[in-house]
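Read the figures in this text as sums done on the coordinates, not as results from a lab. Just so you know, these numbers come straight off a predicted model, no measurement behind them. Here the Cβ positions follow ideal geometry from the backbone for every residue, glycine too, while neighbour counts run over all protein chains shown.
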Amino acid sequence: MAIRIFITGGTFDKEYNELNGQLFFKDTHMHDLLELGRCRLDVEIRTLMMIDSLEMTDEDRDLIVHQCNNCEEDRIVITHGTDTMADTARILAEKVTASKTIVLTGAMIPIKFGSSDGLFNLGSALAFVQTLPPGIYVAMNGRYFNWDNVRKNRQTGVFEEVEGAGRKV
């Protein structure tokens, strides 16, 4: 069965306007990233929204939950902004009723910048979603975290376990 990829926006898909220096959304880069990574997995991609996670509303999260509950795939990767990724993971853990493996991932640097961590994080998330048991996870920087034991460290710019070192690949 295919892996479902839901796109929600975040730094992962931001573009850079060279004239005014602002970041903005245009289209997802998912198809290009899968091609660049020579991905041979059967994936189904759906863009749910293209927003910064700091602007994500309860209604937006309800849409993500609804889509996870109602898609036929039982393995799901969600691209998401890093600032509220752990919040969405918590909501998914509370509201997804089906037995599914869901992995949220993102990027600290936009893909369009060329030095992004996004391609690596996407590859890790695709590997983790195939191997982890049903549950809700966050995958960043080659590590995966359980939904209830992860935070973004704003001083170091990396994700970490709430109670110590995270799992390593």
> Of His66, His80, how do they rank once you tally other Cβ atoms within 10 Å and put the fewest first?
Replying inline: His66, His80
> Counting other C-beta atoms within 10 Å, which of Phe6, Phe12 has the fewest, and how do the rest follow?
Replying inline: Phe6, Phe12
>> Need one word for region 54-169: rounded, prolate or oblate. Basis is the Cα gyration tensor (sqrt eigenvalues a ≥ b ≥ c); a/c below 1.5 gives rounded, then a/b vs b/c decides.
In response: rounded
>> Counting other beta carbons within 10 Å of each residue's own, what order do Asp117, Asp13, Asp58, Asp83 fall into, fewest first?
In response: Asp58, Asp83, Asp117, Asp13
>> Please list, ordered by chain and number, the residues whose modelled amide H lies under 5 Å from the amide H of Leu104; skip anything fewer than 5 residues away on the same chain.
In response: Ile78, Tyr137, Val138, Ala139
>> With the cut-off at 1.5 for a/c, could you classify region 89-130 from its C-alpha gyration tensor as rounded, prolate or oblate?
In response: oblate
>> Cut-off under 18 Å on the C-alpha distance; same-chain residues fewer than 8 positions from Lys152 excluded. Which aspartates and glutamates are left, in chain and number order?
In response: Asp52, Glu55, Asp83, Asp87, Asp117, Glu160, Glu161, Glu163
>> Springs between alpha-carbon pairs under 10 angstrom, Gaussian network model over the chain: which of Arg61, Arg46, Arg38 fluctuates most?
In response: Arg38
>> For Ile51, what residues show an amide H to amide H distance below 5 Å, using hydrogens built from the backbone and excluding near sequence neighbours?
In response: Gly9, Gly10
> Quick one: of the DSSP bridges fully inside the chain, what percent are antiparallel, nearest 5?
Replying inline: 35
